[in-house]
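Colleague: Can you keep this structure in mind? I'll have questions shortly.
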Amino acid sequence: MNEVKTNDDKQLLEALGKGDHKAFDCIFRKYYVDVVMFCGRFMDRVEDCEDISQSLFLHIWDMREMITVHIKFQVISLEKCPEYVS
């Protein structure tokens, strides 16, 4: 990741779109707990929330080239969570 600020979601998403594994790792570490907690609003078992969150991040990696930078990551993750829960 060449001079990408790890606290700047826009730069992280741009790098992610180019297949930067370090950018993905930063995004994962930054948002994983929030996504798990959000899933917990719909499910009781922490293990299920973790599984769903991991599936969501795998989906994000698979779709990385299609992510538009002007969308905040929180919007992407929180819009997709209910699809994985149901």
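Colleague: Apply the Karplus curve 6.51 cos²θ - 1.76 cosθ + 1.60, θ = phi - 60°, to the phi angles in the stretch 31-48 and return the couplings in whole Hz, x for Gly and Pro.
Modeller: Values per residue, Gly and Pro as x: 10, 4, 4, 4, 5, 4, 5, 4, 4, x, 5, 10, 9, 8, 8, 4, 4, 5 Hz.
Colleague: Between beta-carbons, use under 14 Å as the cut-off and find the net charge around GLU65, counting Lys and Arg +1, Asp and Glu -1.
Modeller: -1
Colleague: Right, here's the next one. Which peptide among 19-28, 44-53 comes first, and what is the full order, when sorted by highest mean count of other Cβ atoms within 10 Å?
Modeller: On the way: 19-28: 16.9, 44-53: 15.2.
Packing order, densest peptide first, comes out as 19-28, 44-53.
Here, each number is a calculation from the coordinates, and none is a lab measurement. Note that this is a predicted model, so its numbers are computed, not measured. In this analysis, Cβ positions are derived from the backbone assuming ideal geometry, glycine residues included, and neighbour counts consider all displayed protein chains.
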